1. Which pairs turn up if I take residues in the range 84-109 that are under 15 Å from ILE155 (Cα atoms) and within 13 Å of the ligand (Cβ to nearest atom) and look for partners that are of a type in the set (Val, Ile, Thr) and in a strand (DSSP E or B) with beta carbon separation below 6 Å, at least 6 apart in sequence or on another chain?
2. Test of understanding: among THR89, THR8, THR13, which residue is touching a Gly at 6+ places or on another chain (Cβ under 7 Å), among the β-branched types (Val, Ile, Thr) and open to solvent by 10 Å² or more (accessible area, probe 1.4 Å)?
3. From the list GLU37, GLU69, GLU30, pick out the single residue that is open to solvent by 30 Å² or more (accessible area, probe 1.4 Å), out of contact with any Lys or Arg (no Cβ under 7 Å at 6 or more places or on another chain) and at pLDDT below 95.
4. What's the total number of residues in the range 110-159 that are exposed (fewer than 15 other Cβ atoms within 10 Å of the Cβ), touching a residue at least 60 places away in the same chain (Cβ under 8 Å) and of a type in the set (Asp, Glu)?
5. What about VAL112, is it touching a strand residue (DSSP E or B) at 6+ places or on another chain (Cβ under 8 Å) and modelled with pLDDT under 95?
6. Any idea which of (1) modelled with pLDDT of 95 or more; (2) within 16 Å of LEU45 (Cβ to Cβ) is the one PRO123 doesn't satisfy?
7. What about ILE62, is it surrounded by 16 or more Cβ atoms within 10 Å (Cβ to Cβ), within 16 Å of the ligand (Cβ to nearest atom), within 14 Å of the chain's Cα centre (by Cα) and in a loop (DSSP other than H, G, I, E, B)?
Amino acid sequence: MAIRNILTGGDPTLGKKSREIKDFGGRLHELLDDMRETMTQANGLGLAAPQVGVLRRAALIIHIDMESEDYEEKIIELINPKIIAKSGTQEASEGCLSIPGVYGIVCRPELVKLKAQDRFGNPFEIMCKGVSARAACHEIDHLDGIVFTSIAERILTEEELDMLHAEKKRQQEPEAED
Ligand code: CO
């Protein structure tokens, strides 16, 4: 495994649409392993392949199992993901590992049902709620060349950012960046 460089700012790759994955071999597995290490090291809630310069439809998200007793968290690999159902809305601040230090208010569904494939090509469906639904929508946007700043209702001011950071510190939570 290796940590890959995360593209930032105005890199043109971030604005391009990623292609469907048809080859589920070793190269994909290596990409996913590297993405997992890269995302974990950067404290992200999600990461999409184009963020590491690969224009293929692969993404990782932190999935929080709301059914489990202790809200078990795990990283889910999503290959060729599609949103097949959604409901509700949530409005909250959102960030991105590719746009460090910037947060914006983005309206997302509260609940999304995804259809995707695993690293071996096996299809599966998964329900994502709250933060996981937000991460899933954010990462699928990356696969379509959309960064959150282009769809945010507004970008947080310096003052709001200070408040957000103070609140995060209090909660002793990792930075919420996708
Ligand atoms: Co992002």
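The values are calculated or read from the model by the stated rules, or taken from the named source; none is laboratory data. What you are looking at is a predicted structure, and each value in this text was computed from that prediction instead of being measured. Every residue, glycine as well, gets a Cβ built from its backbone with ideal geometry; the counts of neighbours run over all protein chains shown. Ligands, DNA and RNA are stripped out before the accessible areas are found, and what is left, the full protein with its side chains, is counted by its heavy atoms. Shrake-Rupley method; radii C 1.70, N 1.55, O 1.52, S 1.80 Å.
1. So the pair list comes out as GLU94/VAL106; GLY104/ILE155.
2. Only one candidate passes the filter, namely THR13.
3. GLU69
4. Going through the range 110-159 one residue at a time, the tally reaches 2.
5. no
6. (2)
7. In short, no.
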